[in-house]
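The values are calculated or read from the model by the stated rules, or taken from the named source; none is laboratory data. None of the values given here were measured: they were computed from a predicted structure. As a convention, Cβ positions derive from the backbone with ideal geometry for all residues, glycine included, and neighbour counts pool all protein chains shown. For accessibility, only protein heavy atoms count, side chains too; no ligands or nucleic acids. Shrake-Rupley method; radii C 1.70, N 1.55, O 1.52, S 1.80 Å.
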Amino acid sequence: MQLIADDNIHAFYVSPLWLKVSAEVLKEQHYECQRCKKRGRYKRANTVHHNKPVRQYPRLALTKDHLEAICKECHYEEHHGQPKGFVNEERW
Ligand SMILES: [Zn+2]
Ligand SMILES: [Zn+2]
């Protein structure tokens, strides 16, 4: 993924390719938050999370096996609810 190699994560997230793949992931996972689902709750997913941080695994950025439909709250928790000192490489 050249965009990531160029250290332009933002360009990746607005690229038509990512928009297409993320839309497909949401659809395939029935617009259901996979984290809430595990907790026995239903919540509509509106974003797609990379289980493998994009910067560390640029080749997996568009691999659906590593993409997860997730709601805003769970996504925030995933990225900001980490213990102090944890460095999250992914911006989204
Ligand atoms: Zn959720
Ligand atoms: Zn994420």
* Any chance region 46-69 includes a residue that's under 18 Å from V14 (Cα atoms), assigned to a strand (DSSP E or B) and of a type in the set (G, A, S)? -> yes
* Structure fact -> All-but-one check, R35 against (1) surrounded by fewer than 16 Cβ atoms within 10 Å (Cβ to Cβ); (2) assigned to a helix (DSSP H, G or I), failing number (1)
* Structure fact -> Note on region 38-61: residues under 16 Å from E78 (Cα atoms), within 13 Å of ligand 2 (Cβ to nearest atom) and open to solvent by 80 Å² or more (accessible area, probe 1.4 Å) are N46
